[in-house]
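Here is the structure we will look at, set down as structure tokens.
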């Protein structure tokens, strides 16, 4: 899987999971990723962003549709096992980064 797809699918999955958890716990005494917090003076302040941390192992893979083009491929936990055409020149790199997500209130009609 390429890095772009991995990051996009992960973030969309997290957002959809939070939405689902909010719906499933509606009416209970819990706040999942609250959009605002009381400030102690009767007002609300916006909740801080939530950080999603990524720490992935990647490798360069030559794209077959364009000569000389490469893409960054996310390696799975079993990467390297059972791959038939491995060479000593394969290089694995580690990329660490984070993405901020701030959740808003769900629409009133939900």
### Task
Go through region 28-43 and give me each residue that's loosely packed, with under 12 Cβ neighbours inside 10 Å and at pLDDT below 65.
38, 39
### Query
Do the conditions hold for residue 2, that is, is it at pLDDT 80 or above, farther than 12 Å from residue 103 by Cα, out of contact with any strand residue (DSSP E or B) (no Cβ under 9 Å at 6 or more places or on another chain) and surrounded by 11 or more Cβ atoms within 10 Å (Cβ to Cβ)?
no
### Query
Mind checking whether some residue in region 6-27 is at pLDDT 80 or above, out of contact with any strand residue (DSSP E or B) (no Cβ under 9 Å at 6 or more places or on another chain), in a loop (DSSP other than H, G, I, E, B) and at negative phi?
yes
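The values are calculated or read from the model by the stated rules, or taken from the named source; none is laboratory data. In this text the structure is predicted, and so the values were computed from the model without any measurement. Because the Cβ atoms are built from the backbone with ideal geometry, glycine has one as well, and the counts that use them run over all protein chains shown.
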